[in-house]
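Engineer: I have a structure here, written as C-alpha cells, and I will follow up with some questions on it.
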Amino acid sequence: MGKPFEYVTVKSPRTGRIEVVRNIEHALALLAEHWFKHCSEKHGVACAACRSAIAGKTSVLKARAVFVEAAEEVHILVYERVRSWSTLRSNI
C-alpha cells in the first residue's frame, strides 16, 4: 500500500483517464512516468518531495501538498464538490 494519504483525484496527463491517487508512491509514479514532456519547477519540487517522503525525510502531508500544487499548475486536478442533502434542501 505504500505511504497513504487522503486521496487526490487527477486526470491522467497522458491518457485523460481519471485516477485516484492514494499514496506517495502512486503520486511519484504519475510525476515520473506519466507527466508532460516539459516539466516545471513545481513538478521537480513535487518529485523531490515524494522521494523524500518515501525515504522518511519529509512528511507525507507535505509531499501530498506539493503534488496537488503541481497537478493544479497543469490543470489536471479534479475538484469534487459534495454537498449534504440538508444543504441541498435548504437551497430549494
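Coordinate-derived values only; no laboratory data. Keep in mind it's a predicted model, so treat the numbers as computed, not measured. No Cβ is skipped: glycine too gets one built from the backbone with ideal geometry, and neighbour counts run over all protein chains shown.
Engineer: Please identify every one of the GluC sites (Glu not before Pro) in the range 1-82 that sits in a loop by DSSP and has no more than 16 other beta carbons within 10 Å of its own beta carbon.
Structural biologist: Here the GluC sites (Glu not before Pro) that fit, given the DSSP loop and packing criteria, are Glu80.
Engineer: Can I ask one more? Between the range 56-77 and the range 14-40, what is the separation of their alpha carbon centroids in Å?
Structural biologist: Using only Cα atoms, the two centres lie 11 Å from each other.
Engineer: Enumerate the whole-percent occupancy of each 5 Å bin, from 0 to the last occupied one, for all C-alpha pair distances of the range 4-90.
Structural biologist: Percent of pairs per bin, in order: 3, 15, 26, 23, 14, 8, 5, 4, 3, 1.
Engineer: Over all distinct alpha-carbon pairs, what is the Kirkwood Rh of the range 1-49 in angstrom?
Structural biologist: The Cα-based Kirkwood calculation yields 11.2 Å.
Engineer: Give the residue list of trypsin sites (Lys or Arg not before Pro) in the range 2-70 that are DSSP loop and have at most 12 other beta-carbon atoms within 10 angstrom.
Structural biologist: Those satisfying the criteria are Arg14, Arg17, Lys37, Lys57.
Engineer: Determine the relative contact order of the range 1-83: mean sequence separation of Cα pairs under 8 Å and six or more apart, normalised by residue count, in whole percent.
Structural biologist: 32
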